[in-house]
Protein chains: 2
Amino acid sequence: MPIFLNKESDVDVLIIGAGPAGLMCANSLARAGVNVRIIDERPAKVMAGQADGVQPRTIEVLQSYGLADRLLREGNQMHMVAFYNPSPSGGIERTGRAIDVTAPTARYPFEVTLHQGAIESIFLDSMRSLGVTVQRPVVPTSIELSQDEAVLNDPNSRAVKVVLKHLDPTDRQSETEVVHAKFVLGGDGAHSWVRKTFGITMDGEQTDYIWGVVDTVPETDFPDIRNRCAIHSNNGSCMVIPREGDKVRLYIQLSDKQFVDPSTGRVDKDNVSPEKLLEVAKKSFAPYSISTPNPIDWWTLYIIGQRVASKFSVRDRVFIAGDACHTHSPKAGQGMNASMLDTHNLATLPPAWKITYILRGWADMSLLKTYEFERRKYAQDLINFDKKFSTLFSGKPRTEDNQNGVSHEEFLNAFQTFGAFSSGIGVHYLPSAVVNPQHQSCATNLIVGQRMLPHIFIRAADARPYEIQDLLPADTRFKVLVFAGDTPDKAQLERVNALAAEMGKPESFLTRFGHGEPAKVFDILAISSAKKDIVNYTDLPQLLRPHWSKVLLDDVDMFARTGGGGYEAYGIDPHKGALVIVRPDGYVALWLHLSSCRTSTIILRRSWWRHRVVQFYCSVPGLLDDCVYTGNRMYYRL
Amino acid sequence: MPIFLNKESDVDVLIIGAGPAGLMCANSLARAGVNVRIIDERPAKVMAGQADGVQPRTIEVLQSYGLADRLLREGNQMHMVAFYNPSPSGGIERTGRAIDVTAPTARYPFEVTLHQGAIESIFLDSMRSLGVTVQRPVVPTSIELSQDEAVLNDPNSRAVKVVLKHLDPTDRQSETEVVHAKFVLGGDGAHSWVRKTFGITMDGEQTDYIWGVVDTVPETDFPDIRNRCAIHSNNGSCMVIPREGDKVRLYIQLSDKQFVDPSTGRVDKDNVSPEKLLEVAKKSFAPYSISTPNPIDWWTLYIIGQRVASKFSVRDRVFIAGDACHTHSPKAGQGMNASMLDTHNLATLPPAWKITYILRGWADMSLLKTYEFERRKYAQDLINFDKKFSTLFSGKPRTEDNQNGVSHEEFLNAFQTFGAFSSGIGVHYLPSAVVNPQHQSCATNLIVGQRMLPHIFIRAADARPYEIQDLLPADTRFKVLVFAGDTPDKAQLERVNALAAEMGKPESFLTRFGHGEPAKVFDILAISSAKKDIVNYTDLPQLLRPHWSKVLLDDVDMFARTGGGGYEAYGIDPHKGALVIVRPDGYVALWLHLSSCRTSTIILRRSWWRHRVVQFYCSVPGLLDDCVYTGNRMYYRL
């Protein structure tokens, strides 16, 4: 490690904490070419235990960074969930099996389980290839935000001063360094130093539910040991989470007082061992046997608490993310959901593209307000779900003797509702203020504020099938998808040519928001609804095909194994088409009737077009200062 | 490079030549833990040009070594072929588009194009992780085979003595080394030193067709530049092969005399330049324009010759593979088929698992005879196809003025016949000597001697879908697939239990051919035809599920997106099941009625079971000395 002697340095973004939240953000910024630095107090990355679940939407997000392949190669997949309840003959019996992920549009219709260290490695290797490594062990000792309004309002000012202490594990000498940063992200966990330093409170409460967690390779005759299982027994509840290789995580419900120190009211970990936890689990599993001839990989104890930070940012200069701003059934209670949702949340959370736009001078500082707006609402929804679900799961099962207990149907219902939310697929950033029926006929199934629906199209130039999500990478660019309709039809092709001509004009959004290099801000794709044997990609206007690979067709592949039906799936008229704008993070920003995109039409229709046009403007950098926030919804001034 | 001073060393297998043939073999042997060495005379791997096509079956084979992912990531895919012929109005016009690969069962229904250097890198990186690197530049100077029959018949004798010269590119000092090898593979190209040294002749002839090849990034308005194209114009024929990135390979037919030195009859390369070749191409492309503002990546000239080596091996100790034993439309004539088929051929060719079995003492030397038997027949078929096809492609197109020319229909027909062959999917190693209709009802669509049909099954333990080919890796093991039928049916489960009991007995093939470690020779998978909501993987007998991952179901996945219909696709009765043995290289060795697998039944039915049983024995090491060869077919003594 280099020696820093009261050194001073500058950086655009300083990230404190190299867990999943910090790493996702660092990798994203490094890819965008932002000057970023990331530190962590731990001398090495997590080796075992901790979070281990990656939700369907998180896999899509990782894929948008090109990182899903390795996750899928190394991780376990959970496709099925099994429910066990008390059997009339004693012990437990299976009451049903079901889909683990209640998200029919998921591109990856399963959860991946893999220990946090392996997930961190995926980011660390990606970052290394971009020239960024985590500096560790390094701790921040003070953080100071400029009090000067002019400084705070200048996106290029280094308004945050942080003092770092570089610990040297070998000779115990440490050196200090003063860092001047434009932005700071605190991804420093549930006990966040950043959060505490700025006096941000955590609002919420702690429950009485205590759970134990054990990671091991069990020996068992339990037939669902490789499925996620919710076991409700009269001897306590248990959740089975199969993991990479032959590993399994067990979440084991403990009776309220069993491991609590009566003098402090806190969990007494000294009084517990993984062996003791497994003794409890064995009783839940009966009549099936479960034992661990293999070493315990990791174990812990938790009391469930559900809290959200009162704010997620300070003056749009310092942000907190991940465990630092929301804790919930943390690693217990409703099984590994805590871990899953942490990682999921962290993965989609960082405002990397927003920071990038500010740093490039393409957007106003107020674009950053959408971070707290979008993510804090999500965290609150999460806590609400979590409370309901963990109460059900920690509750006693319904039996003949206990008619007030939780029934299988009640639990299954909650599980599926919760699953739809926890998959991350349903996240909806901008509740649609106005739903204009005239527009629902244009792209009915692409909901503004939701992530772009996955679908397979084929490339016009070479008939190769492509998942459209793979053509919308997280490369900081807005994607302009021109669903060009039936292009071999002469009249339609004329409309498309006219659109391209409009888009090429100086007053077009390409020029106005292109900051002199429109190809760095916008990536254009054209999607024809016509068939592969007749379409020439060269028929489309040049502006819509900056490269031969940019023209797609809504058609099946050469063997009709995949593809086709995309216009229908999106609810777009195959003759008339539509224009869809997708944000850099993969969420739909806007859709329009193709003809509405032409300046003349927009002028004609301006009166009832207000909200749509403004939602687009909201997503296009430079115009966000026209927005005001009211409660959960976003409204815009014109 | 280390200095070798008249050093002597021992090795099990010495491979001369680190092209695709040599590398595939070296990688395969290294994976099997065989002591292997590979040398090459070139100081570095190929950087541009050369072969560039990978056929569907070759992709499957690469995948069985875990190498397809990278190929698919780096390579271009050809899904569609376009045909252009003379237009009545002058120039060319498109007469049709079609599927590029005529192989409906292909798992990867396309060809991958990628320059040879990148393909070599895939092998080199895989080998490096196994501790094997290519020693270069090293040339062999002499090779000597023992004349002692006793030595030749002892598989453990180092019967081949090779003298190597280590060239030192820096100080021009070279050192010699004497290597004693058990086996030598000559993958040293069309001018093979190994082949010439052993006086093996190349039988065949040279044609008059001369072709030029240019790799470049063209600028063009030709709408099919990203498809494979066969262009027949009145100004000569041309083939377009789109490649990785924006690169394109053009095969350009030259008039017979244009570039031939009349004094020697050979191609006069001094008189040609890539610019001259492109001038010829431009005339074929009219009315479309094509030019190359970008540098020429690689170019060459070829006269088509079609030849096969008179033998592929010397005393089953020295083998030749790839270009060393067959040349055909080499990099010209019928487009890039030469390259594709070379690589395809090389990739499936090396008898690596056979050598491994001999070296482990598990098989008799005569197992190696199947190499020449299987691959020489293939090479001859290839030449026959190639002759027909290249004549058609080099011929003049049919026009109003030339009614004797090649019509589009005639060419398309030949193209598709050729494609079915060249995809590699149709390779059938053991023409079925006997097709017993009584057996056709057992696994009708799994043809003995053809590669195992790809299909998606789901794992019983966790409902995760798997391509069965991915569960049959090239790990030198025979795969025993027990299609267990309707296992929840009590009577059927009893039959399956009885089979498992038989397989566990000392007289079973598992024990007899297991060489004390049956799990190293046989990998067992059980496939039930029942549904995922009711099957417990723990219901199957322990012998059929050495691990929880070894039980599959013929069912759709949780979202019914994939899977199901496997028994039907294979032609197996979903109630009764079947037993299928797959060779280590992925080819079906045997199938049986499930009940026939029990010793008692085999004894009862021995009279009409002869051929099937023997085909299995033929594939199980240690019994191949019972085979005799007659022409194209294989017969067995009992």
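What the table below lists for this structure:
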{"read-out": "Drop in accessible area of at least 50 Å² in the complex versus isolated chain, residues of segment A:448-462, 1.4 Å probe", "value": "A:ASP462"}
{"read-out": "Residues whose placed amide H lies under 5 Å from that of B:ILE92, excluding near-sequence neighbours", "value": "B:SER87, B:TYR288"}
{"read-out": "Largest to smallest accessible area among B:ASP297, B:ASP386 [probe 1.4 Å]", "value": "B:ASP297, B:ASP386"}
{"read-out": "Other-chain or far-sequence residues with amide H under 5 Å of B:THR292's (modelled H)", "value": "B:GLU219"}
{"read-out": "Packing-based order for B:509-516, A:389-396, using average beta carbon neighbours within 10 Å, highest first", "value": "A:389-396, B:509-516"}
{"read-out": "Residue order for B:ILE447, B:ILE527 - accessible surface, 1.4 angstrom probe, largest first", "value": "B:ILE447, B:ILE527"}
{"read-out": "Centre separation in Å (Cα based) which lies between segment B:473-517 and segment A:461-481", "value": "47"}
{"read-out": "Where a label projected 7 Å from the Cα of A:SER273 along Cα→Cβ would reach, residues of segment A:283-301 with amide N under 19 Å", "value": "A:283, A:290-301"}
{"read-out": "Shielded by partner chains, segment B:557-578 residues - at least 30 Å² of accessible area, 1.4 Å probe, vs chain alone", "value": "B:MET558, B:PHE559, B:ARG561"}
{"read-out": "Computed FRET value (nearest 0.05) for B:THR399 with A:GLU400, which takes r as the C-beta separation and R₀ as 60 Å", "value": "0.10"}
{"read-out": "Gyration tensor verdict on segment A:13-63 (Cα atoms; rounded if a/c is under 1.5, prolate if a/b is larger than b/c, oblate otherwise)", "value": "oblate"}
{"read-out": "Surface accessible to a 1.4 Å probe, B:MET202 within the full protein complex, Å²", "value": "50"}
{"read-out": "Vicinal HN-Hα couplings computed from phi for segment B:478-488 (Karplus, 6.51 cos²θ - 1.76 cosθ + 1.60; Hz; Gly/Pro x)", "value": "6, 9, 9, 9, 9, 6, 7, x, 7, 5, x"}
{"read-out": "B versus A: buried accessible surface, summed, Å² (probe 1.4 Å, to nearest 100)", "value": "3500"}
{"read-out": "Point-to-point label distance, B:GLU74-A:SER9, nm (Cα→Cβ direction, 7 Å offset)", "value": "3.5"}
{"read-out": "Residues whose placed amide H lies under 5 Å from that of A:ASP100, excluding near-sequence neighbours", "value": "A:MET80, A:VAL81"}
{"read-out": "Label-reachable residues, segment B:286-327, where backbone N falls under 13 Å from a point 7 Å from B:GLN380's Cα toward its Cβ", "value": "B:308-312"}
{"read-out": "Label-point separation, B:ALA569 to A:SER87 (7 Å along Cα→Cβ), nm", "value": "3.6"}
{"read-out": "Sites A:ASN153 and A:LYS388, calculated FRET efficiency, Cβ-Cβ separation with R0 45 Å, nearest 0.05", "value": "0.60"}
{"read-out": "Virtual spin-label span in nm between A:LEU145 and A:THR133, 7 Å along Cα→Cβ", "value": "3.3"}
{"read-out": "Minimum Cβ-to-axis distance in chain A for the rotation onto chain B, with residue, whole Å", "value": "A:ASP69, 4"}
{"read-out": "Given A:LYS45/A:LYS269; B:LYS520/B:LYS576; B:LYS196/B:LYS479; A:LYS311/A:LYS387; B:LYS247/B:LYS276, the pairs whose alpha carbons are separated by over 27 Å", "value": "B:LYS520/B:LYS576; B:LYS196/B:LYS479"}
{"read-out": "Surrounding net charge for B:SER529, when Lys and Arg each add one and Asp and Glu each subtract one, Cβ distance under 12 Å", "value": "-3"}
{"read-out": "Label 7 Å beyond Cα on the Cβ vector: A:GLU74 copy-to-copy distances, nm", "value": "2.2"}
{"read-out": "Segment B:190-261 versus segment A:137-160: alpha-carbon centroid distance in Å", "value": "64"}
{"read-out": "Charge tally in the Cβ shell below 12 Å around A:TYR288, where Lys, Arg are +1 and Asp, Glu are -1, A:TYR288 excluded", "value": "-1"}
{"read-out": "Heavy atoms of A:SER273 accessible to a 1.4 Å probe, total area in Å² rounded to 10", "value": "30"}
{"read-out": "Cβ-vector label at 7 Å, B:VAL163, separations to other copies in nm", "value": "7.7"}
{"read-out": "In order through segment A:557-569: 3J(HN,Hα) via Karplus (6.51 cos²θ - 1.76 cosθ + 1.60), integer Hz, x for Gly, Pro", "value": "6, 4, 9, 6, 8, 8, x, x, x, x, 4, 5, 4"}
{"read-out": "Exposure ranking of B:HIS547, B:HIS79, A:HIS115 by accessible area [1.4 Å probe, largest first]", "value": "B:HIS547, A:HIS115, B:HIS79"}
{"read-out": "List of segment B:201-235 residues, accessible area with partners at least 50 Å² below that of the chain alone (1.4 Å probe)", "value": "B:PRO223, B:ARG226"}
{"read-out": "Environment charge of A:TYR84, counting only residues whose C-beta is closer than 12 Å and scoring Lys/Arg +1, Asp/Glu -1", "value": "+1"}
{"read-out": "With all protein chains modelled, accessible area of A:TRP193 [1.4 Å, Å²]", "value": "70"}
{"read-out": "Estimated vicinal HN-Hα couplings, Hz - segment B:388-400 in sequence order (Karplus 6.51, -1.76, 1.60; Gly, Pro = x)", "value": "4, 5, 6, 5, 4, 6, 7, x, 6, x, 6, 9, 4"}
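The values are calculated or read from the model by the stated rules, or taken from the named source; none is laboratory data. What you are looking at is a predicted structure, and each value in this text was computed from that prediction instead of being measured. Please note: Cβ atoms are built from the backbone with ideal geometry, for glycine as well, and neighbour counts cover all protein chains shown. Remember, those area values only see protein heavy atoms, side chains included, never the ligands or the DNA or RNA. Shrake-Rupley method; radii C 1.70, N 1.55, O 1.52, S 1.80 Å.
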